[in-house]
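The block underneath contains the structure these notes are about, expressed in structure tokens.
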Amino acid sequence: MILLTGATGFLGEFVLKELVKRGHEVTCFVRKSSNLDIINQLNVKYFFGELDDYKSICEALDGKEALINIASLGFGHASNIIKACEKSNVKRAIFISTTGIYTKLNPDSKIIRLEAERLIKESKLDYTIIRPTMIYGTPKDRNMWRLIKYLKKIRILPILGDGTYLQQPVYVKDLASAIVKTYESTICIKKAYNISGAKPITYNDVVNITARALGKKVLKIHIPMKISYNFLKAYERMSKKPMLKAEQVLRLNENKDFSYEEASKDFEYKPLGFEEGIKREVTYL
């Protein structure tokens, strides 16, 4: 039996459905405030607890054979989770990290996630670490759905920088399938995988392909990165709660393309192309 954390989130919902479809017995580890609609629809067991509550994790892991941790590693819970697994004699564990650990910038979340990966790799667990790129596919995603809604209403899009930086978004169902396949495959033990979309494309291409899926033409207005950065620096000094920060300009202009060659070799990972994936997402409008 598997304990699944993060089951009610954007990615977790698809992982749960994939596990059930493949015949795995699952218990979901959820907060009392969680929406349990999907869990109840699938007639799956659940256990109330918090990842910062060591005792509740241990209780939830009792009698389980494996853990699939979809919940973010960016909140500092890795040590609790690892210790609970080791105490409960749960050896097999899948952890979701992010390709964001490769950023040249140093946000606090990067430091926390790198420390989490270190703890996982130094543990006694038969771990697999999955590092997805930006995830998209339904209105619950945090990035592409905003762009879709914006382009649906407005034909002019300001872009901070030249838009030539590379992206490689991963379709949520492809990622969910990859997570379950790594759990099922012993070759994936003690390994970490970058999981990305079919091929790298520029941000300009992301906008153009999304616009085509919507049947629209969009005018892109590029604002030079240096001007954007300096403007937002000044804006941050004047605003107590800035909606956009200068660091985000630097982050936006980093390349985010990552090879999935090892995943393809180990468990035949074959991701969907962005053009097809975004066509599926716009059908939610």
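Residues of the range 130-147 that are in a loop (DSSP other than H, G, I, E, B) and hydroxyl-bearing (S, T, Y): T133, T138.
Listed by first and then second residue, the pairs linking a residue in the range 264-275 that is on the phi > 0 side of the Ramachandran plot and of a type in the set (D, E, K, R) to a residue that is part of a helix (DSSP H, G or I) and crowded, with 16+ Cβ neighbours inside 10 Å, with Cβ atoms under 9 Å apart and 6 or more places separating them unless they lie on different chains, are E268/K181. Each residue in the range 209-245 was checked for being within 26 Å of the chain's Cα centre (by Cα) and modelled with pLDDT of 90 or more, and 6 pass.
Checking every residue in the range 41-50 against the condition of being out of contact with any Cys (no Cβ under 6 Å at 6 or more places or on another chain), assigned to a helix (DSSP H, G or I), surrounded by fewer than 14 Cβ atoms within 10 Å (Cβ to Cβ) and of a type outside the set (S, T, N, Q) gives zero matches. Name the one entry in I156, I195, I148 that is over 21 Å from E268 (Cβ atoms) and in contact with a strand residue (DSSP E or B) (Cβ under 9 Å, 6 or more places away or on another chain). After ruling out the rest, the residue left standing is I156.
State whether one or more residues within the range 143-159 are among the aromatic types (F, W, Y), closer than 30 Å to L67 by Cβ, in contact with a helix residue (DSSP H, G or I) (Cβ under 6 Å, 6 or more places away or on another chain) and surrounded by 16 or more Cβ atoms within 10 Å (Cβ to Cβ).
Initially, the range 143-159 is screened for residues among the aromatic types (F, W, Y), giving 145, 150.
Subset that is closer than 30 Å to L67 by Cβ: 145.
Next, only the ones that are in contact with a helix residue (DSSP H, G or I) (Cβ under 6 Å, 6 or more places away or on another chain) stay: none.
Looking for residues that are among the aromatic types (F, W, Y), closer than 30 Å to L67 by Cβ, in contact with a helix residue (DSSP H, G or I) (Cβ under 6 Å, 6 or more places away or on another chain) and surrounded by 16 or more Cβ atoms within 10 Å (Cβ to Cβ), one finds none in the range 143-159, hence no.
With a requirement of 2 or more residues that are of a type in the set (A, V, I, L, M) and closer than 30 Å to I68 by Cα, the helices (runs of 4 or more DSSP H) lying completely within the range 175-285 that satisfy it span 274-282. Pairs meeting the criteria (first residue in the range 157-176 and within 14 Å of S196 (Cβ to Cβ), second residue among the β-branched types (V, I, T) and in a helix (DSSP H, G or I), beta carbons under 6 Å, at least 6 apart or on different chains) are Q167/V206.
Yes or no, residue by residue, for (1) under 22 Å from T182 (Cα atoms); (2) of a type in the set (G, A, S); (3) at pLDDT below 95:
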{"residue": "T5", "(1), (2), (3)": "yes, no, no"}
{"residue": "E13", "(1), (2), (3)": "yes, no, no"}
{"residue": "H24", "(1), (2), (3)": "yes, no, no"}
{"residue": "I57", "(1), (2), (3)": "no, no, no"}
{"residue": "S97", "(1), (2), (3)": "yes, yes, no"}
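This table checks each residue for (1) at pLDDT below 95; (2) touching a Lys or Arg at 6+ places or on another chain (Cβ under 7 Å); (3) among the aliphatic types (A, V, I, L, M); (4) part of a loop (DSSP other than H, G, I, E, B).
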residue	(1), (2), (3), (4)
L119	no, no, yes, no
K124	no, no, no, yes
T128	no, yes, no, no
K149	no, no, no, no
T164	no, no, no, yes
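Here F95 does not qualify as assigned to a strand (DSSP E or B) and more than 21 Å from P132 (Cα to Cα). Listed conditions (1) surrounded by 14 or more Cβ atoms within 10 Å (Cβ to Cβ); (2) touching a Ser or Thr at 6+ places or on another chain (Cβ under 8 Å); (3) under 30 Å from K181 (Cβ atoms) are all met by G277, apart from (2).
Among the candidates V15, V30, V90, V26, the residue that is free of Cβ contacts under 8 Å to residues at least 24 places away in the same chain and surrounded by 20 or more Cβ atoms within 10 Å (Cβ to Cβ) is uniquely V30. Looking only at residues of the range 216-251 that are free of Cβ contacts under 8 Å to residues at least 12 places away in the same chain and among the basic types (K, R), we find that the one that is surrounded by the most Cβ atoms within 10 Å (Cβ to Cβ) is K226.
Among residues belonging to the range 160-174 that are β-branched (V, I, T) and under 19 Å from the mean Cα position of the chain (by Cα), point out the one that is farthest from K64 (Cα to Cα). If you could, list the steps in order and put the result at the bottom.
Keep residues of the range 160-174 that are β-branched (V, I, T), which gives 164, 170, 172.
Within this subset, residues satisfying the condition of being under 19 Å from the mean Cα position of the chain (by Cα) are 170, 172.
Details: V170: 30, V172: 26 Å.
Taking the candidates together, the pick is V170.
The values are calculated or read from the model by the stated rules, or taken from the named source; none is laboratory data. All of these numbers come straight from a predicted model, not from anything done at the bench. Cβ atoms come from the backbone with ideal geometry, glycine included; neighbour counts cover every protein chain shown.
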